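Have a look at the structure below before the remarks.
The values are calculated or read from the model by the stated rules, or taken from the named source; none is laboratory data. Small disclaimer: the values here were computed from a predicted structure and weren't measured. Don't worry about glycine lacking a Cβ; one is built from the backbone with ideal geometry, like all the others, and counts go over all protein chains shown. Heads up: the accessible areas ignore ligands, DNA and RNA and are worked out on the full protein's heavy atoms, side chains in. Shrake-Rupley method; radii C 1.70, N 1.55, O 1.52, S 1.80 Å.
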Amino acid sequence: MIVCGGHPGDPEYGCGGTIARYTDLGHDVAILYMNRGEKHCPAGPDDPGATVRVAEARRACEILKARPLFAPQCDAHAIVDNSHYDEFRRILEDAKPDVVFTHWPIDEHRDHTALSLLVHDSWMKMGHKFVLYYYEVGEDTLMFAPTDYVDISAVEPRRRAACYAHASQTPDRFYPKQALISGFRGAASGFAHAEAFVRHIRSAGGLLPG
Ligand SMILES: [Zn+2]
């Protein structure tokens, strides 16, 4: 399975508990970051944002036992056009995931919205070949009405550690909001902490950790 994120950190905040649940069950999980958190576009090899943030992403993946992948876009410069639709779809075609998670399209960060469109287009062009779920992240996601929940109570400390691996991104500011969200989603589904998802109405389901 693949969890796509607009930036290093997004998959960990929105799906970190579910990723840990999957990898504990022995599943192969890749985290596909749309960019490397660059400060400049295009970024040189010494771009401090890219250097620091790639290392943080690799550390977060180690904590969750996932594999990092990076799409060749730039932070805050997401492009959605025919060639980038095709470029992104080829990444998913090569990876052959059975399940893909991405940002919900109504989101206050344009990179998140762009990624959501890229994944959705790939899903359609690939004939609905993978199960498609949307996730929520922090203060950016709006109008999100979940269809599915995953109990992350037992792995919440690992989600927290993976989020805090992104030390350059002020986790003390952002993590409490995500913990509030997973507590709220847990209250709605009978768990201490849960991550919530919207399954595309035309997607198959049933592949979340039970
Ligand atoms: Zn982001």
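Filtered by the rule that a residue be of a type in the set (A, V, I, L, M) and closer than 13 Å to A60 by Cα, region 159-188 gives A161, A162, A165, A167. For region 8-43, a tally of residues being open to solvent by 10 Å² or more (accessible area, probe 1.4 Å), within 16 Å of the ligand (Cβ to nearest atom) and more than 23 Å from P157 (Cβ to Cβ) returns 4.
Does V99 count as farther than 20 Å from A167 by Cα and either within 16 Å of the ligand (Cβ to nearest atom) or among the charged types (D, E, K, R) (or both)? So V99 fails the test.
Against the conditions (1) away from the ligand (no atom under 16 Å from the Cβ); (2) open to solvent by less than 10 Å² (accessible area, probe 1.4 Å), H84 satisfies every one except (2).
In the set (1) under 17 Å from the mean Cα position of the chain (by Cα); (2) open to solvent by 30 Å² or more (accessible area, probe 1.4 Å); (3) away from the ligand (no atom under 16 Å from the Cβ), the condition left unmet by Q169 is number (3). Is it fair to say I152 is buried (at least 23 other Cβ atoms within 10 Å of the Cβ) and over 15 Å from the mean Cα position of the chain (by Cα)? Considered against the rule, which asks whether it is buried (at least 23 other Cβ atoms within 10 Å of the Cβ) and over 15 Å from the mean Cα position of the chain (by Cα), I152 comes out as yes.
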